[in-house]
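The structure under discussion appears below in the form of structure tokens.
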Amino acid sequence: ETGGDKFPGLVVREGLRRHYPYREIGAHVVGYLGRASALGRPRLEGEDPAKDSAFQKLIDRGYFSEGFDELIGEEEVQFLARRGLFDSIMVPLEGIQRTYDEKLRGRPGLLILERDPATGRKNWVPLVPPRQGEDLRLSIDIELQKDIAAILGEAHGEDGLPKIASAITADPQTGAILAMQSNASFDPNAFIPPTRSDEVNQYLKAPHNP
């Protein structure tokens, strides 16, 4: 979609962006995402597989190409990885997102762009349909989680200084976790591109290791 007469040259593209509405509340439960390229780089020809990065292991598992096996071979996947095609893909690094990633992320589709040499007309042809991931319902009571976060935010030691504290609340009948919170928390939104690098560095260097 273009900007029309009012904004010539402007191109608007739609996309998806992850957002964590509760921010520091339950961040350790939910976890966070990071760029696949931050996990290393794909293996170069002749390199020792024993030194494979986490990124390479995802490639070997078919993380980016599962379902395309008959259309794209391992060499093509490696070539696309080295060209940076997968660099911007976000992968789960911690929390529930990582634990249940296989069920949550679904599968991408595959389109081929056909171009008529005579007319120049382009046409997208779907080869593999995308598949939506499953939903996941947690036992976490978000209101209770907020209340516990507020209480932990006021935790002080005998010396009157702020103290690192955490709490877990479970249903005594079923054992289901209702809240799990630490006051050494972080905002998962800081890790979503465009990354808030200053904030991320503060988390990584903080002595209380959020």
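The values are calculated or read from the model by the stated rules, or taken from the named source; none is laboratory data. Predicted model, so just to flag it, every value in this text is computed and none were measured. Please note: Cβ atoms are built from the backbone with ideal geometry, for glycine as well, and neighbour counts cover all protein chains shown. Please note that ligands, DNA and RNA were not included when accessible areas were found on the heavy atoms of the full protein model with its side chains. Shrake-Rupley method; radii C 1.70, N 1.55, O 1.52, S 1.80 Å.
Numbers for the structure displayed
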{"quantity": "Any hit, the stretch 149-160, residues being out of contact with any Lys or Arg (no Cβ under 7 Å at 6 or more places or on another chain), surrounded by 14 or more Cβ atoms within 10 Å (Cβ to Cβ), hydrophobic (A, V, I, L, M, F, W, C) and in a loop (DSSP other than H, G, I, E, B)", "calculated": "no"}
{"quantity": "First in the stretch 133-149 and more than 22 Å from A184 (Cβ to Cβ), second anywhere and of a type outside the set (S, T, N, Q) and open to solvent by 100 Å² or more (accessible area, probe 1.4 Å), Cβ under 8 Å, 6 or more apart", "calculated": "G133/K103; E134/K103; L136/K103"}
{"quantity": "The stretch 75-98 - residue that is over 14 Å from P42 (Cβ atoms) and charged (D, E, K, R) and, of those, least open to solvent (accessible area, probe 1.4 Å)", "calculated": "E94"}
{"quantity": "Failed condition for Q56, given (1) under 16 Å from the mean Cα position of the chain (by Cα); (2) of a type in the set (S, T, N, Q); (3) surrounded by 15 or more Cβ atoms within 10 Å (Cβ to Cβ); (4) at pLDDT 85 or above", "calculated": "(1)"}
{"quantity": "Index of the failed condition, G120 passing every other in (1) more than 23 Å from R23 (Cβ to Cβ); (2) out of contact with any strand residue (DSSP E or B) (no Cβ under 9 Å at 6 or more places or on another chain); (3) open to solvent by 60 Å² or more (accessible area, probe 1.4 Å)", "calculated": "(3)"}
{"quantity": "Tally of residues being assigned to a loop (DSSP other than H, G, I, E, B), hydrophobic (A, V, I, L, M, F, W, C) and over 23 Å from the mean Cα position of the chain (by Cα) across the stretch 164-210", "calculated": "3"}
{"quantity": "Filter pass, I72 being open to solvent by less than 60 Å² (accessible area, probe 1.4 Å), touching a Ser or Thr at 6+ places or on another chain (Cβ under 6 Å) and either of a type outside the set (G, A, S) or closer than 30 Å to A184 by Cα (or both)", "calculated": "yes"}
{"quantity": "Subset tally (residues that are in contact with a Lys or Arg (Cβ under 8 Å, 6 or more places away or on another chain) and open to solvent by 20 Å² or more (accessible area, probe 1.4 Å)) for the stretch 168-194", "calculated": "1"}
{"quantity": "Residue selected from the stretch 62-103 under the condition in a helix (DSSP H, G or I) and of a type in the set (G, A, S), by the criterion modelled with the highest pLDDT", "calculated": "G95"}
{"quantity": "Residue in the stretch 50-61 that is among the aromatic types (F, W, Y) and farther than 30 Å from L152 by Cα present", "calculated": "yes"}
{"quantity": "Qualifying residue in the stretch 22-40 (condition: more than 30 Å from S166 (Cα to Cα) and free of Cβ contacts under 8 Å to residues at least 40 places away in the same chain)", "calculated": "yes"}
{"quantity": "Qualifying position, being loosely packed, with under 13 Cβ neighbours inside 10 Å, of a type outside the set (S, T, Y) and within 27 Å of L58 (Cα to Cα), among L138, L204", "calculated": "L204"}
{"quantity": "Residues within the stretch 17-55 that are of a type in the set (A, V, I, L, M), closer than 20 Å to S182 by Cβ and assigned to a helix (DSSP H, G or I), tallied", "calculated": "3"}
{"quantity": "Which numbered condition V128 fails, given (1) open to solvent by 80 Å² or more (accessible area, probe 1.4 Å); (2) more than 22 Å from the chain's Cα centre (by Cα)", "calculated": "(1)"}
